[in-house]
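Student: Encoded as structure tokens, here's the structure I'll be asking about.
The values are calculated or read from the model by the stated rules, or taken from the named source; none is laboratory data. Since the model is a prediction, treat every value here as computed from it, not as a measurement. Reconstructed Cβ throughout: ideal geometry from the backbone, glycine too, with neighbour counts over all protein chains shown.
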Amino acid sequence: MRTMETEKTGPDPAHQETARFRSGVYFLLARVFRKEPDAELIRLGRDPKFQEALSELGAPLDQDFLTALEESLIEDLSVEFTRLFIGPGKHISTQESVYANQNGGTTGMLWGDSTVDVVRFIRSVGLNMMDDLYEIPEHISVELELMDLLTDREARAWEENNKEETLNCLKLEKQFFEGHLVYWMPEFCNQVMEEAESSFYRSMARATAAFIELEGEKISSLIEETKDASA
């Protein structure tokens, strides 16, 4: 039996590209829900590759986003972001612990068991998260950013043809995905789709929900494929 060392067949560019693509989607979604939009986000949203990815997820952007003047669009979406996620009135929570704590803890409370678990996970895998940007570590943008960093690490492992590290990255992705994202983000996305007035945030929520659904199957299949290749 072969050990999970660098294979003689060389790097796998297809899997590396897939990991880079997944990392890019996580990165963009994290940016969408982190703060109000700016010119850079608008340009990213109008990039043909990103539009193609959204269409594949069944969440194409409407013409009101694609053709509006950039300055007025930023202003309108900033107002929408504040109304949806900040308040001061009733708004949609962006924190996992408000939706559910899966380890026997209470639900609907900030800084619950899920918060502690996210902090513990981040520290255990040695990821350099931008802690100064967030008051609560299980903010949706933090969890998406964490998956961005894990899939980026996976892509580098594919590039180096290190099957052991690749499998380790995939297992960490699966652990965090199944322990956190899958339990609350679909509900969050449904609320955004119901409450959003702009097509942009409806599309982003629909794309996030579709991507999360696909990721569960994708990570599991990649793990089995990597195990078979290393046997």
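Student: Any residue in the range 143-168 that is closer than 17 Å to ILE212 by Cα and free of Cβ contacts under 8 Å to residues at least 40 places away in the same chain sitting within a Cβ distance under 8 Å of a residue that is of a type in the set (D, E, K, R) and crowded, with 24+ Cβ neighbours inside 10 Å? List the pairs, counting only those 6 or more apart or interchain.
Tutor: Pairs that qualify, where the first residue is closer than 17 Å to ILE212 by Cα and free of Cβ contacts under 8 Å to residues at least 40 places away in the same chain and the partner is of a type in the set (D, E, K, R) and crowded, with 24+ Cβ neighbours inside 10 Å, are LEU150/GLU173.
Student: Quick check on this structure: which one of PHE211, PHE188 is at pLDDT 95 or above, within 19 Å of the chain's Cα centre (by Cα) and closer than 24 Å to ASP113 by Cα?
Tutor: PHE188
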